Structures are given as C-alpha cells and as structure tokens.
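Just so it is clear, none of the values below were taken in a lab; they were calculated from the coordinates. Everything numeric here is computed off the predicted structure, so don't read it as measured data. Ideal geometry is used to build each Cβ from the backbone, glycine not excepted, and the neighbour counts take in all protein chains shown.
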Amino acid sequence: MSNFQIVMPKLGESIQEGTITKWFVKEGDTVEEDTILFEVATDKVDSEIPSPVDGIITKIMFPENSLVPVGEVLAIINMGGDESSTEEKTEKSEEKNIEAEKTSSSKSESKKDEEEKQLT
C-alpha cells in the first residue's frame, strides 16, 4: 500500500501560502489522475488543483478556508488499493470456500447414497 502526499503548490515565484477555498473530494473518495481535488486562492491567482495519481483519498489535513504554507501536506492518497476492495476479495474468497464445501458435501452425500443403494 503506497501513499502519495498532495502538497500546497507554489503557484508563483513570490507566493508563500494559499487558501483552500473548496474541496471537491472528501476522505474515502476514489480519484483518477487529473480529477480536480481542491481550489486554492493566492494573492495573485485562483487555481483548481488536479490529482497527479489514481487512488483513494485517505486523509484531508486542512478544512476549507485554511491558509496553508507552500509545500505543506494537504491530503494523502492511497495508490495501492483500498480496504474495501481487500474486504471484497476476502468475502469473495470466503464465498468460494463455502460454495466448495457445499459442493464437496453434496458429492460425499451422493456417494454415500450410491454406496447404500449398492449394499441393499
């Protein structure tokens, strides 16, 4: 599981901080590369900042209207898959095991029935 840190970008040579004016995502959201994550306002420019990676937003460090220094971590994106997909895989695996047990159980019952029929 690898994480990617989204940092406050330097949007100009003299820009030292920016205000997060709007988050377009929330924790737990799945994002693709170039999905707009947030809007930032500085003294000189307002910009929408896209995601540089695919993944799941695991943590947002600052709420809207926070004044944040350039280079500060704003959010973390998990690029290695999420827990729910791991849970889904585990559930599917368990379902397959249960189905295999049922199939195996019904086969052994059929064999028992056949053996009983042959004995009688």
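Descriptive notes on the structure:
- Considering region 23-67, its Cα convex hull presents a mean projected area of 3.2 nm².
- ³J(HN,Hα) computed for each position of region 51-57 - Karplus, 6.51 cos²θ - 1.76 cosθ + 1.60, integer Hz, glycine/proline x: 6, x, 9, 8, x, 10, 5
- Cut-off under 5 Å, modelled amide H: who pairs with GLU17 long-range: VAL70
- At full extension, LYS59 and GLU72 could sit 3.3 nm farther apart than now, given 0.36 nm per residue minus the alpha carbon distance.
- With a Förster radius of 22 Å applied to the C-beta separation of GLU33 and LYS10, the computed FRET efficiency comes to 0.60.
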